[in-house]
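Heads up: the structure comes next, in structure tokens.
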Amino acid sequence: MIVRTEAVVLRNLDYGETSQIVTLFTRERGRLAVMAKGARRTKSKFGSTLQPMAYTQVVFYHRETRGLQTLSESAHLEPLLGIRRDLQKITLGLRLVELVYALTEEEDPQPSVFRLLVGALRTLDAAGERAANVLPYFQLRLAGTLGFAPAFEKGDVEALPHEGGVLALESGRLYPADEAPKTGQRASQTALRAFAVFARADLADVMRMDLTADRRREVQALADDYLRYHVEDAFPDRGAKVTAHLFTEGEQERD
């Protein structure tokens, strides 16, 4: 069967002398692997459409009994050049596709995750100095799509004392420190309130948030810890460390 669908490239792997095995996250069929014959040739018909984070329209031959499908066409839907020209955005974008690869199943259609990923990449592409806001937003919305959204109430946020509080990792509720459960992560009042915004606000509002470097790292750690708690060993830790290292270096250079 011939399938034509939108896709985001999650990763690729060289195969033989001229080909690649490419993992796609498609709107219609979820995550799947395809063989792109001749993709590494200088004049390949695929061009740059098989690079991680590429947002494309693909055509492939699909057989239910085959684990590796055959890609026949691929074309950019949006070039997302703003990501390709910025090291921080590249690192953030790679983290987005890494999370999708790690936390989705093969050929399990997840149209809401697909929309979330494309929207995050578009926003990252156009972002200015607050590009880092995309990642915790994406992580917490991904958690919600997968069935474990943070379960705090507006009153929980308002009740946080000046000295800070605790994020309960199991439920996602926010508590004053003296009321917190054992499986919790302590953080400042500012970071916990920002966590609540990332978890509930529209992406456009999130991108207007201006956090200090310390608060941004604190919120990112909360988002990492919350997602890690729920997906356990599936959480890709290496990418989290790379992202944290890049942000630390970037802040040091600006200082």
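Structural remarks
- Using a simple spin-label model with pseudo-atoms 7 Å out from Cα toward Cβ, Leu146 and Thr183 lie 1.5 nm apart.
- Each peptide among 15-27, 177-189 gets the average number of other Cβ atoms lying within 10 Å of its residues, and from highest to lowest they stand as 15-27, 177-189.
- Glu73-Glu129 pseudo-label distance in nm [points 7 Å out on the Cα-to-Cβ vector]: 4.5 nm
- Overall form of region 31-149 per C-alpha gyration tensor (a/c, 1.5; a/b vs b/c): oblate
- Dimensions of region 2-79 based on its C-alpha atoms, expressed as ranges along the principal axes with the largest first, amount to 30, 30, 19 Å.
- Each other residue within a Cβ distance under 12 Å of Ser19 adds +1 if Lys or Arg and -1 if Asp or Glu, for a net charge of +1.
- Pairwise label distance in nanometres, Lys43 with Glu153, each label 7 Å out on the Cα-Cβ vector: 6.8 nm
- Between the beta carbons of His62 and Ala234, assuming R0 = 45 Å, the FRET efficiency works out to 0.95 to the nearest 0.05.
- Summary of the geometry: region 74-129 and region 22-52, compared by the centres of their Cα atoms, lie 15 Å apart.
Read the figures in this text as sums done on the coordinates, not as results from a lab. The structure presented is a predicted model; accordingly, all values stated were derived computationally and were not measured. As a convention, Cβ positions derive from the backbone with ideal geometry for all residues, glycine included, and neighbour counts pool all protein chains shown.
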